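The block underneath contains the structure these notes are about, expressed in structure tokens.
The values are calculated or read from the model by the stated rules, or taken from the named source; none is laboratory data. Remember, predicted model here, so these are calculated numbers, not experimental data. As a convention, Cβ positions derive from the backbone with ideal geometry for all residues, glycine included, and neighbour counts pool all protein chains shown.
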Amino acid sequence: MINHKYLSIIAMTALLTACGGGGDGDTTTTGISTDNSPSEEESSSSSNSTSMLVDTSGGVANIPATVGSSATSMSSMVVPDSFSYNPNVQQSFVVDVSGYAASNATITLYRNFSANNDGSYSADYNSRLVAAQLINGQGTVDIVNTTSQYYLLAEVWFDDGTTPIQKRIPNTETSWIW
């Protein structure tokens, strides 16, 4: 008959071996900026193996100020009539990159991305918002976005092999003409 002490040791060894000591090495971190600098969320980003040309002509996002309240209970809180409880906004984004390359292309918009040391960006490909075709470098992208998404990343890949381009798009822009 096996001693309970040895059975416990064998069970613990099997359990620890089965756990394997961790995952595949990927970690997920989400950071949100609280100042008026770009609010880019970092999350298990894949870096691009192809060099990207980055359009740096973007503006600054409209980040609303934090509103304080002196209300001490829900019943004493006053909400302005103009306040919208809907966090979603419909947006149309006009793209014209025919000045750079006039071939057909695909544009993809991402919610989450991180800045690289060389000035380019790495998209979190799991955060893709939309992908659309650009005919001769032109098109319109219709999206449903949230009011708290201050920046998006746009990547354009050309059918003729022209170097792909990126642009960080603030929520104040409705077009990208380059």
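Structure summary
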{"item": "Close pairs (8 angstrom Cβ cut-off, 6 or more residues apart or separate chains): touching a residue at least 24 places away in the same chain (Cβ under 8 Å) in the stretch 137-155, surrounded by fewer than 18 Cβ atoms within 10 Å (Cβ to Cβ) and acidic (Asp, Glu) anywhere", "result": "Gly137/Asp96; Gln138/Asp96"}
{"item": "Criterion violated by Ala61 - all others in (1) under 16 Å from Pro170 (Cβ atoms); (2) part of a strand (DSSP E or B); (3) of a type outside the set (D, E, K, R) satisfied", "result": "(2)"}
{"item": "Residues being within 17 Å of the chain's Cα centre (by Cα) and in a loop (DSSP other than H, G, I, E, B) - total across the stretch 109-134", "result": "6"}
{"item": "Members of the stretch 128-162 found to be closer than 17 Å to Ser57 by Cβ and either in contact with a Ser or Thr (Cβ under 8 Å, 6 or more places away or on another chain) or among the β-branched types (Val, Ile, Thr) (or both), listed by number", "result": "Gly137, Tyr151, Ala154, Glu155, Val156"}
{"item": "Neighbours by Cβ (under 8 Å, 6+ apart or cross-chain): first from the stretch 43-66, modelled with pLDDT of 50 or more; second surrounded by 10 or more Cβ atoms within 10 Å (Cβ to Cβ) and among the hydrophobic types (A, V, I, L, M, F, W, C)", "result": "Met52/Ile165; Leu53/Ile165; Val54/Ile165; Asp55/Ile165; Asp55/Trp176; Asp55/Trp178; Ser57/Trp178; Gly58/Ile169"}
{"item": "Out of Asn112, Asn88, Asn116, sole residue that is touching a residue at least 40 places away in the same chain (Cβ under 8 Å), on the phi < 0 side of the Ramachandran plot and buried (at least 18 other Cβ atoms within 10 Å of the Cβ)", "result": "Asn112"}
{"item": "Single residue of Gln166, Gln149 found to be surrounded by 15 or more Cβ atoms within 10 Å (Cβ to Cβ), of a type in the set (S, T, N, Q) and part of a strand (DSSP E or B)", "result": "Gln166"}
{"item": "Residues that are part of a loop (DSSP other than H, G, I, E, B) and aromatic (Phe, Trp, Tyr), drawn from the stretch 68-108", "result": "Phe83, Tyr85, Tyr100"}
